[in-house]
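Enquirer: Could you have a look at this structure, given as structure tokens, before my questions?
The values are calculated or read from the model by the stated rules, or taken from the named source; none is laboratory data. Predicted model only: the values in this text are computed from it and were never measured. No Cβ is skipped: glycine too gets one built from the backbone with ideal geometry, and neighbour counts run over all protein chains shown. Surface accessibility is based on the protein's heavy atoms, side chains included, excluding ligands, DNA and RNA. Shrake-Rupley method; radii C 1.70, N 1.55, O 1.52, S 1.80 Å.
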Amino acid sequence: MIAPLALAACTSKSSGGESITVTATDTACEISGNTAETGNTTFAITNNGAKVTEFYVFGDGDRVMGEVENVGPGLTRQLIVNLAEAGTYHTACKPGMVGDGIRSEFVVTGDSAAPTDQDGRLAEAAAGYKRYVDSQLAALQETATAFVAAIKAGDIASAKAQYPLTRTYYERIEPIAESFPDDLDPRIDLREVDVEPGWNWTGFHRLEKDLWIQGPQPDTHTIADQLLADLQELTDGVAAPDFRIDPIQMAGGAQTLLDEIARTKITGEEDIFSHTDLYDFQANADGSQAAIASLRPILDERNPELAARIDQRFAELDQALSQYRQGDVFVSYETVTEPQRQALSQKIDALSAEVSQVQGVVAG
């Protein structure tokens, strides 16, 4: 059974009642304040560096309380995170989106924030999204099992056909996966360019290179088995009694999925060997739409005009992606021209601008 986070305090209580500003560069993470009262805290993260960065708030045991990813150079992103209990938390900027980041203590004081989800809609939104995540994980394990079986049978053509379809279910829930300890997301989805010296490269993209570029290697079957083991660990983590979904973070995750396309995938760097990037784009858009759908009753009541604009933007993006479908498959991303890529990016940016407002609406 899902255990939603304490659904408390609809008013932001960051220092002075204003957003806490975070100025990130490639070597520093300057925060305007390191204290707040219990309840919702709003951070405004500006990236003045040259690398794409991330910003995290961690609780005990490095549990992710809130995160915003893919903050490109020159951009500002908002993060609203519910810190319902007093204590010492930690913030972190991650220039280049790797490593432990540049960390600082963040102290929260005050009484435990009383729940205000009196009508239960926030809890229902979290439960609805949890059901979506469960369904995607079930499909992910089923398709990954068949994908690995094809690899181990030496059926390379079948494995290539299954690769983008299997990744679809992971891409739809990727922000949830990043919330787990022990570097599960890098183990499952690390790109070759991000592999540091001495690391053992595992996961989807290592198998992608084996299938499309270098052929089966002596350890390919071991890597395939490790992928299944890592996906099982992911599933077990989501099923754990203490697994929590924060409705406010759901809204942030919806934008994260879109920004990931616009900032780091539109160039084709994600699936560099297979050029199956369009499958990832559609999966990220689907995952973002599912998160917004779970929050829809709240959004419809508090800002129906925004809800209508988001519907329109999702429809426009779906239509833009559909032109690259041929039957049940997407064309190779190599065939998408630079002007066409920029047109897709503009659709995604327009949608992300609307979705970025949802977190504030839900937080109240």
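Enquirer: Measure off 7 Å from each Cα along the Cα-to-Cβ vector at Leu75 and Gln346, then give the distance between these two points in nanometres to one decimal.
Expert: That separation, rounded to one decimal, is 1.8 nm.
Enquirer: How large is ³J(HN,Hα) for each residue in the stretch 342-359, as worked out from phi by the Karplus curve 6.51 cos²θ - 1.76 cosθ + 1.60 (θ = phi - 60°), to whole Hz, x for Gly and Pro?
Expert: Values per residue, Gly and Pro as x: 5, 5, 5, 4, 5, 4, 5, 4, 5, 5, 4, 4, 6, 5, 4, 7, 5, 4 Hz.
Enquirer: Using θ = phi - 60° and the Karplus relation 6.51 cos²θ - 1.76 cosθ + 1.60, list the HN-Hα couplings for the stretch 68-75 in order, rounded to whole Hz, with x at every Gly or Pro.
Expert: 9, 10, 6, 8, x, x, x, 9
Enquirer: Right, next: Measuring from the lowest to the highest alpha carbon on each principal axis, how far does the chain reach, largest first, in angstroms?
Expert: Its Cα atoms span 60, 44, 42 Å along the three principal axes.
Enquirer: May I pose another question? Roughly how many Å² is the accessible area per residue of the stretch 16-100, as a whole number, for a 1.4 Å probe?
Expert: 38
Enquirer: Now a separate question. Can you sort Glu124, Glu269 by 1.4 Å-probe accessible area, starting with the largest?
Expert: The residues order as Glu124, Glu269, largest area first.
Enquirer: Tell me what the chain gives for mean residue ellipticity at 222 nm when only DSSP H runs of n ≥ 4 count, each as -39,500 (n - 2.57), the sum divided by the residue total, rounded to 500 deg cm²/dmol.
Expert: So the calculated ellipticity at 222 nm is -15000 deg cm²/dmol.
Enquirer: For Val331 and Ala153, compute 0.36 nm times the residue count separating them, minus their Cα-Cα distance, and round to one decimal in nm.
Expert: Separation in residues times 0.36 nm, less the Cα-Cα distance, equals 61.4 nm.
Enquirer: Hey, can you grab everything whose amide H is under 5 Å from the amide H of Ile20? Only 5+ residues off in sequence or another chain; H modelled, so Pro and N-termini drop out.
Expert: Thr42, Phe43, Ala44
Enquirer: Restricting attention to the stretch 107-159, which trypsin sites (Lys or Arg not before Pro) occupy a DSSP loop and are surrounded by at most 16 other Cβ atoms within 10 Å?
Expert: Passing both the DSSP loop test and the Cβ count: no residue.
Enquirer: Something else about it: Take the alpha-carbon centre of the stretch 175-239, take the same for the stretch 303-347, and report the distance between them in whole Å.
Expert: That distance is 28 Å.
Enquirer: So what J values fall out for the stretch 27-44 if you push phi through Karplus, 6.51 cos²θ - 1.76 cosθ + 1.60 with θ = phi - 60°, rounded to Hz, Gly and Pro as x?
Expert: So the J values, rounded to whole Hz, are 10, 9, 9, 8, 10, 6, x, 10, 9, 7, 8, 4, x, 7, 10, 10, 10, 10.
Enquirer: Still on this structure, I have one more. Taking only C-alpha pairs under 8 Å that are 6+ residues apart, what is the relative contact order of the chain in percent?
Expert: Relative CO of the chain lands at 17 percent.
Enquirer: Using only alpha carbon positions, build the gyration tensor of the stretch 260-364, then give the equivalent ellipsoid semi-axes as the square roots of 5 times its eigenvalues, largest first, whole angstrom.
Expert: Ellipsoid half-lengths, sorted descending, are 28, 13, 12 Å.
Enquirer: In addition: As I understand it, the value is the acute angle between the Cα axis of helix 247-260 and the longest principal axis of the Cα atoms of the chain; what does it come to in degrees, rounded to 10?
Expert: 40
Enquirer: Could you tell me the accessible area of Arg325 in Å² (1.4 Å probe, neighbours in place), rounded to the nearest ten?
Expert: Rounded to the nearest 10, that gives 100 Å².
Enquirer: Rounded to the nearest 10 Å², what accessible area does Thr109 show when all protein chains are kept and the probe is 1.4 Å?
Expert: So the heavy atoms of Thr109 present about 80 Å² to solvent.
Enquirer: Then there is this: Roughly how big is the chain's charge dipole about its Cα centre, with Cβ charges of +1 (Lys, Arg) and -1 (Asp, Glu), in debye to the nearest 20?
Expert: My answer is approximately 540 debye.
Enquirer: Which Cα, out of Gly72, Ile45, Asn82, lies furthest along the positive dipole direction of the stretch 39-129 (beta carbon charges, K/R +1, D/E -1)?
Expert: Value computed over the given set: Gly72.
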